[in-house]
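Asker: Mind having a look at this structure? Questions to follow.
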Amino acid sequence: MSFSAFHLYFDDVELGQEWVSGGRTITETDIVMFAGFSGDYNPMHVDHEYAKETPFRRPIAHGFGVFSISSGLGVQVPPVRTTALLGIGGWKFTQPVFAGDTIRVLTRVARKTVKGRGRRGEIVWYKAILNQDNKVVQEGEITTLVECRPVPRGERGAGVVADTNGVHAETNGVH
């Protein structure tokens, strides 16, 4: 996939801006395929008889499988000119996900920092994976590197660090 005029630059997204993806229903096939792909055959995911004896009473989806599916849901919501995934922070698994549950991803711009002398920027995104009951099943922060809108050389000033707490600080051109 290449970027198009539809894809947003770092400069186009604002602090606090939110998007919600479309939904995706988790299937038994998703769970079995993730077990095969990852090698995680923990019986709480793949053994219905074993799962009856757990607090969940039925198999649960792999947390990282749900995370992976949510990554796909969020890749176009918003459509951004992402060049790299830099990190995942404070990720929490708060509720189980079962076959038949439908998840969506809420994405919010938490922090932005201009990098690379204004050629790119680092965005920290708050992400919440929601189930069909609007309950948060996973949440945390994901940091990406995003292209800035091209500007003639020398026109971009000092970097600005901003976050959703309203704190802004000049970086004096050091990136």
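Asker: How much of the pair distance distribution for region 1-45 lies past 13 Å, counting alpha-carbon pairs only, in percent?
Answerer: 74 percent
Asker: Cut-off 10 angstrom, C-alpha nodes, Gaussian network model of the chain. Which of L86, L73, L145 fluctuates the most?
Answerer: L86
Asker: When the scattering of the chain is computed by the Debye formula from its Cα atoms alone, each counted once and equally, what is log10 I(q)/I(0) at q = 0.16, 0.18 Å⁻¹?
Answerer: Result of the Debye calculation: -0.94, -1.10.
Asker: Take E53, E141 and order them by how many other Cβ atoms sit within 10 Å, fewest up front.
Answerer: So the residues, fewest neighbours to most, are E53, E141.
Asker: Let me ask you something else. Quick check for me: using +1 on Lys/Arg Cβ and -1 on Asp/Glu Cβ, what's the dipole size of region 1-155 about its Cα centre, in debye to the nearest 20?
Answerer: 620 debye
Asker: State, as an integer percentage, the relative contact order of region 15-100 based on alpha-carbon contacts under 8 Å between residues 6 or more apart.
Answerer: Values: 74 pairs, mean separation 32.5, N = 86.
Contact order relative to length: 38 percent.
Asker: I'd like the FRET efficiency for D47 and V151, computed as 1/(1 + (r/R0)^6) with the beta carbon distance as r and R0 of 41 Å, rounded to 0.05.
Answerer: Numbers: r = 57 Å, r/R0 = 1.39.
Efficiency for this residue pair is about 0.10.
Asker: Still on this structure, I have one more. What angle, in degrees between 0 and 90 and rounded to the nearest 10, separates the Cα long axis of helix 63-74 from the longest principal axis of the Cα atoms of the chain?
Answerer: Between the helix axis and the principal axis of the chain, the angle is about 50 degrees.
None of the figures in this text is laboratory data; all of them are computed from the coordinates on show. No experiment lies behind these values; they were computed from the predicted model shown. Note: ideal-geometry Cβ built from the backbone for every residue, glycine included; neighbour counts use all protein chains shown.
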